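The values are calculated or read from the model by the stated rules, or taken from the named source; none is laboratory data. All values reported here derive from a predicted model rather than from experimental measurement. Note: ideal-geometry Cβ built from the backbone for every residue, glycine included; neighbour counts use all protein chains shown. Surface accessibility is based on the protein's heavy atoms, side chains included, excluding ligands, DNA and RNA. Shrake-Rupley method; radii C 1.70, N 1.55, O 1.52, S 1.80 Å.
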Amino acid sequence: MTIILLLAISFAASFVGTLARSGGLNGMPSLLLIGPPIHQVIGSVKFSNMFASFSSFYILLKKKQLKLKDALQLIPFALFGGLCGGLLANSFSGKAMNLLAICLLTVALDHEFHQKTATFR
C-alpha cells in the first residue's frame, strides 16, 4: 500500500511541478508525512523530477529552442553532479537529512511565496 501511495504522490507532485514549478514543495512534505525514510523520499522526488525534466527537454528540442549537440555536451556534467549528490546524501544519517530537508524546504517555500506575491503587485 505504501508503494502505491508513494507512486501516486510522486506522480501528482511531478504533474503539479510541470505546470506550476512547485512540485517539490508539494511532494516532499506529503511524502515525509506518510513516513518513509528521508533517503527514499528524496529518491522518489528525484525520480519524478526526471520525467518532468525529460518532458521539458523534449519540448525544447522539438521546438528547436535547444540543439541536441549542446545538450549532449552537458550529459557528463549532469551525471557527475548526480553521482556526487547521491553519494553526499547517502553519507548523511536519516536524522541529519530530515533536518536539512526541513531547512531547505522552508527556504524554498519562503522564496516561492515572495516570488509569487511579487507578481501580484
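Filter region 79-102 down to the residues that are open to solvent by 70 Å² or more (accessible area, probe 1.4 Å) and of a type in the set (A, V, I, L, M, F, W, C) and list them by number.
L79, F80, L83, L87, L88, F92, L99, L100, I102 - these are the residues of region 79-102 that are open to solvent by 70 Å² or more (accessible area, probe 1.4 Å) and of a type in the set (A, V, I, L, M, F, W, C).
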* If only one of Q40, Q65 is among the polar types (S, T, N, Q), outside any helix (DSSP H, G or I) and at pLDDT 80 or above, which one is it? -> Q65
* Which number in (1) assigned to a helix (DSSP H, G or I); (2) surrounded by fewer than 10 Cβ atoms within 10 Å (Cβ to Cβ) marks the one condition that Q115 misses? -> (2)
* Taking region 10-37 as the search range and keeping residues that are assigned to a loop (DSSP other than H, G, I, E, B) and surrounded by 15 or more Cβ atoms within 10 Å (Cβ to Cβ), which one is modelled with the highest pLDDT? -> P36
* Asked: Among the residues of region 56-92, which ones are touching a residue at least 12 places away in the same chain (Cβ under 8 Å) and under 21 Å from I42 (Cβ atoms)?
  -> S56, A89, N90
